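Structure record follows, encoded as C-alpha cells.
Derivation of every value follows stated rules applied to the coordinates shown; laboratory data play no part. None of the values given here were measured: they were computed from a predicted structure. Note that we place each Cβ from the backbone using ideal geometry, even for glycine, and neighbour counts take in every protein chain shown.
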C-alpha cells in the first residue's frame, strides 16, 4: 500500500541524503515529480538521488535552459526542469513525455507545470520550514520501502510530528 511520509531536513546534506536514500527504493521506469517554491531544494534533492545511482553531486546541474539533462549512472537518470515552460505545447515540444516511458528514472522539477495531466510514481513536495529548514513530503512509496529508508539513514528519516 502506497503511503505519504513527511520528513524534516536541517541542511542541504540532509536533503541530499533523503534523495540518495529514495534512490534505493526506485526501479527502472519510475518517475519522481518534485514540487516546491524557487530555492526550496529541488535540485539539491536530485543531486542526492543521483548519488544513489553512483553519480557525484558535480554531475548534476539544473537543466533550466536545456529543459532535460541525461545522466549515466547505474540506471540512467533523465532530469527535467519545467520552470521556464508555461504551456502544454511547450512541454510537448521538448520530448518530455517520451522520457516517462523510458528504462531509466525520470525526475521532474516544477512538476506543477504539468497541470495534473500526468502524475509521478513518487511525488516529493519540498516546503520551507523554520530557520532555513525544509519539510519534505514523499508520496508513493510503500511501507517496506519506508522502513528500509529509515534503516539506511536513521538520523535523516525522522518523521515530522
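Values for this structure:
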quantity: Value of Rg/Rh across segment 91-137 [Cα atoms, Kirkwood radius]; calculated: 1.07
quantity: Crossing angle, helix 12-23 versus the chain [Cα axis fit, 0-90 degrees, rounded to tens]; calculated: 80 degrees
quantity: Convex hull volume per residue in cubic angstrom - Cα atoms of segment 45-84; calculated: 54 Å³
quantity: DSSP-defined antiparallel bridges as percent of all bridges, the chain, nearest 5; calculated: 60 percent
quantity: Net lengthening on full extension, residue 70/residue 11 (0.36 nm per residue, minus Cα-Cα); calculated: 18.6 nm
quantity: Residue 94/residue 131 FRET efficiency (R0 35 Å; Cβ-Cβ; nearest 0.05); calculated: 0.40
quantity: Computed over segment 21-109, Kirkwood Rh from alpha-carbon pairs, angstrom; calculated: 13.1 Å
quantity: Antiparallel content of DSSP bridges confined to segment 37-110, in %, to 5; calculated: 50 percent
quantity: Overall Cα dimensions of segment 2-152 - principal axes, largest extent first, Å; calculated: 41, 33, 31
quantity: Gyration tensor (alpha-carbon) shape descriptor, segment 71-118, a/c threshold 1.5; calculated: prolate
quantity: Rounded to 10°, Cα long-axis angle of helix 42-51 versus longest principal axis of the chain; calculated: 80 degrees
quantity: Sorted by Cβ density within 10 Å, fewest first, the residues 24, 3, 47; calculated: 3, 24, 47
quantity: Sequence-separation-based contact order of segment 2-152, relative, with Cα cut under 8 Å and 6+ spacing, percent; calculated: 36 percent
quantity: Selected from 94, 106, 15 as most flexible by GNM, with the chain as the system and alpha-carbon contacts under 10 Å; calculated: 94
